[in-house]
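Everything on this sheet refers to the single structure shown next.
The values are calculated or read from the model by the stated rules, or taken from the named source; none is laboratory data. This structure is a prediction, so every number in the text was calculated from the model and none was measured. Here the Cβ is made from the backbone with ideal geometry for all residues, glycine too, and neighbour counts use every protein chain on show.
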Amino acid sequence: MKQARSTNNNPKCDSPDAKRIVIVDDHPLFRKGLEQLIHSNGAFAVCGEAGNAAEAMEVIRKLFPDLAIVDLSLPGANGIELIKNIRAEFPKLPILVLSMHDESLYAVRALRAGAAGYVMKHEAMANVIQAIHEVFSGRPYLSPTMAAQVITRAARGQPEGETDPTERLSDRELEILELIGKGNEVRQIAKLLHLSPKTVETHRAHIKDKLDLRNSREVARFALQWLSARNA
């Protein structure tokens, strides 16, 4: 059976020299803008798109692309879960994260899950082509600021007996904690993450228990102080 070259009828994908890329993001307009940016470099071709994790796995199985670009905030399974699933089934496929979420909160988790690089969406225009080149060259990509933070933390090591309490949280719980810290209410978070308000409330209850907090007001206070400390 002939391997599919494209799911979006892009003629560039028929070129044997083109590096074929799949974009996974739930915003069609963002996908289109990113596709145009990537096509400004003649060596790359966007050959498939997906709006959620299940679609992403289907497209990757059809195309066997050279790179997957994945957002972290997806309906259903989030991006870090998707990265783990891709890595389990396609261990050699490079994955680049392109996310609205603060790099300092998620980059290390994404790299641990198996991503090869992390770019924040507001920096995408300036950095995504460079990031793609780096990943294809076999080098991990982080912004210069984040790379310096990671190196500094590794050099200093974690002080004995001191751990970040947010390490106890799942990836989805961390995502919700960040949005609480930015002042979002349950319904706003549910809309942003394509979840039901009840699911967000359940996650918030788990955050409260894992961080040993007494009520949702303490969760909001902790989230705000935690984000302020990260950005200081």
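In the condition set (1) acidic (Asp, Glu); (2) in contact with a helix residue (DSSP H, G or I) (Cβ under 9 Å, 6 or more places away or on another chain); (3) modelled with pLDDT of 90 or more, residue 103 is compliant with all but (3).
Quick one: count up the residues across segment 84-108 that are outside any helix (DSSP H, G or I), aliphatic (A, V, I, L, M) and over 10 Å from the mean Cα position of the chain (by Cα). Walk me through it before giving the result.
Pass one, segment 84-108, residues outside any helix (DSSP H, G or I): 90-102.
Cutting the leftovers down to aliphatic (A, V, I, L, M) gives us 93, 95-98, 100.
With the extra rule that they be over 10 Å from the mean Cα position of the chain (by Cα), the set shrinks to 93.
Looking only at that region, the number is 1.
Residues checked against (1) β-branched (Val, Ile, Thr); (2) over 23 Å from the mean Cα position of the chain (by Cα); (3) surrounded by 17 or more Cβ atoms within 10 Å (Cβ to Cβ):
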{"residue": "6", "(1), (2), (3)": "no, yes, yes"}
{"residue": "10", "(1), (2), (3)": "no, yes, yes"}
{"residue": "14", "(1), (2), (3)": "no, yes, no"}
{"residue": "17", "(1), (2), (3)": "no, yes, no"}
{"residue": "21", "(1), (2), (3)": "yes, no, yes"}
{"residue": "25", "(1), (2), (3)": "no, no, yes"}
{"residue": "30", "(1), (2), (3)": "no, no, no"}
{"residue": "36", "(1), (2), (3)": "no, no, no"}
{"residue": "43", "(1), (2), (3)": "no, yes, no"}
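Of everything listed in (1) surrounded by 10 or more Cβ atoms within 10 Å (Cβ to Cβ); (2) outside any loop (DSSP other than H, G, I, E, B); (3) modelled with pLDDT under 75, the single unmet condition for residue 154 is (1). As a summary of the residue check, residue 47 satisfies the conditions (1) within 20 Å of residue 118 (Cα to Cα); (2) in a strand (DSSP E or B) except for the one numbered (1).
Checked against the criteria, residue 81 counts as surrounded by fewer than 22 Cβ atoms within 10 Å (Cβ to Cβ) and either under 14 Å from the mean Cα position of the chain (by Cα) or within 18 Å of residue 131 (Cβ to Cβ) (or both).
Being without any contact (Cβ under 8 Å) to a residue 60 or more places away in the chain and either buried (at least 20 other Cβ atoms within 10 Å of the Cβ) or in the same structural domain as residue 24 (by TED's automatic domain parsing) (or both) is a property that holds for residue 95.
So for segment 179-199 (the condition being assigned to a helix (DSSP H, G or I), in contact with a Pro (Cβ under 6 Å, 6 or more places away or on another chain) and at pLDDT below 95), does at least one residue qualify? If you could, list the steps in order and put the result at the bottom.
Going residue by residue through segment 179-199, those that are assigned to a helix (DSSP H, G or I) are 179-181, 186-193, 197-199.
Still in the running and in contact with a Pro (Cβ under 6 Å, 6 or more places away or on another chain): 186-187, 190.
Then keep just the ones that are at pLDDT below 95; that gives 190.
Yes, segment 179-199 has at least one match.
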